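Before any comments, here is the structure.
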Amino acid sequence: MKAVHFGAGNIGRGFIGALLFQSNYETTFVDVNTELIDELNKKESYRVELAGTEDYMEVTNVSGLNSLNDEEKVIEAITEAEVITTAVGPNVLPMIAPLLAKGLGEKKSTGLVIACENMVGGTEILKNHVFENLDEEQKEWVSNRISFPNAAVDRIVPNQNQKDPLTVMVEPYYEWVVETSSVTSELPDIKGITYVEDLTPYIERKLFTVNTGHAVAAYLGKYNGHHTIKEALEDAKIKNKIQAALGESGGVLIEKYGFNTEEHQEYIDTIISRFENPDLSDEVTRVGRGPIRKLGPKDRLVRPALEYIRLKNEEPVHLAEVIAAALDYRNEDDAEAVELGDMIRKKGKVGAFCEIAEINEDHPLVKAVEKHIN
């Protein structure tokens, strides 16, 4: 069995690539990083270490292609693959779409494309970009033979400090959930995938818990002078505020999807314990990077806060405090943080927040956030 994976970075190798290997796939990684591609082709293997343990695995049966220099070979690999996955980041999906479209347009067999990105509806978005690069005949062919199921993925991959550029450390915990409602071909037997009919509850559970919790630790940690997530979690006040914020976002999930209250609290506790793993500690600036995107109306802070107001008919106290801290986030090495600072200087914090979150100044969430703005 053959797979093509776009993105040879740490998540691609340490998460998706590792599970494809465990499922007996021969995986071709596609990337623009010449060093990684050359190393993959030289060694044809790499090591995945599990944080907090002595366990590791050797991933074999892998190779690499440079999407800039090996276009014809990438197209050929796509035509031969049963499964095509991505872990490139939301902003890169439009960039890989033209090449993916060429490969799918020449593919003679059925297949599955799964975007394993930290976003809602990633595969559907990728599909739209792919279809922009197909003619009408190709669109019909691809629609009839290629499935594009959305997915939710969750695995913490910290900053690496490895001598071998291919070695990657990941946390033992992972979750890969794939929605089956749009799949017309046979579902591949990939170790670690949970197939569900409706992905929405799982996407929002992950977004409103893992991503929200990480954002709370990062923005409150940075605001209070901490440099790492570990330091932030060692601050009892911040840890309590993470629990409180996830209590608000959890209340939304329980109300919307009927999650069991006790089981969801166990899920929250598991997530926080993952953040506390010393081998997974990350810099608050890396976790908090991209504040404009993370303050967007559909992302990890504003979306659960808006849903909380809608469902509970009251202001979220703790989510509002984190949003205010995110507005104070500054990092000269982060282009979005610099842009956020410029927006605030021109429009003030409230004006900038309203524009980013796409809400009016008289919205209850704005009033809630204003209470925490200095």
Result of the Cβ filter at 9 Å on the stretch 207-236, keeping first residues that are closer than 18 Å to GLY247 by Cα and partners that are in a helix (DSSP H, G or I) and among the hydroxyl-bearing types (Ser, Thr, Tyr), at least 6 apart or interchain, is LEU207/SER249; PHE208/SER249; THR209/SER249; THR209/TYR267; THR212/SER249; GLY213/SER249; ALA218/THR285
Looking at the stretch 254-278, which of the residues that are polar (S, T, N, Q) and surrounded by 16 or more Cβ atoms within 10 Å (Cβ to Cβ) is farthest from the chain's Cα centre (by Cα)? GLN265
Just name the residue that is nearest to LEU93 (Cα to Cα) out of those in the stretch 46-67 that are in contact (Cβ under 8 Å) with a residue 60 or more places away in the chain and open to solvent by less than 50 Å² (accessible area, probe 1.4 Å). SER67
Going through the stretch 331-374 one residue at a time, which ones are within 26 Å of LYS237 (Cβ to Cβ) and either touching a His at 6+ places or on another chain (Cβ under 6 Å) or loosely packed, with under 15 Cβ neighbours inside 10 Å (or both)? LYS367, GLU370, LYS371, ASN374
On the basis of being open to solvent by 10 Å² or more (accessible area, probe 1.4 Å), touching a residue at least 24 places away in the same chain (Cβ under 8 Å), within 23 Å of LEU166 (Cα to Cα) and among the charged types (D, E, K, R), does ASP70 make the cut? no
TYR46 passes all but one of (1) out of contact with any Asp or Glu (no Cβ under 9 Å at 6 or more places or on another chain); (2) not in a loop (DSSP other than H, G, I, E, B); which number fails? (1)
When only residues in the stretch 171-195 that are open to solvent by less than 30 Å² (accessible area, probe 1.4 Å) and among the hydrophobic types (A, V, I, L, M, F, W, C) count, which is nearest to GLU82 (Cα to Cα)? ILE190
Here is a list of conditions, (1) free of Cβ contacts under 8 Å to residues at least 40 places away in the same chain; (2) touching a helix residue (DSSP H, G or I) at 6+ places or on another chain (Cβ under 8 Å); (3) part of a helix (DSSP H, G or I), and LEU134 meets all of them except one; can you say which number that is? (3)
Quick test of your reading of the structure: ASN331 fulfils all but one of (1) part of a loop (DSSP other than H, G, I, E, B); (2) at pLDDT below 95; (3) polar (S, T, N, Q). Name the failing condition by number. (2)
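The values are calculated or read from the model by the stated rules, or taken from the named source; none is laboratory data. A quick note: this is a predicted structure, and the numbers were derived from the prediction, not measured. Using ideal geometry, Cβ is built from the backbone for each residue, glycine included, and neighbour counts are taken over all protein chains shown. Only protein heavy atoms, including side chains, enter the accessible area calculation; ligands, DNA and RNA are left aside. Shrake-Rupley method; radii C 1.70, N 1.55, O 1.52, S 1.80 Å.
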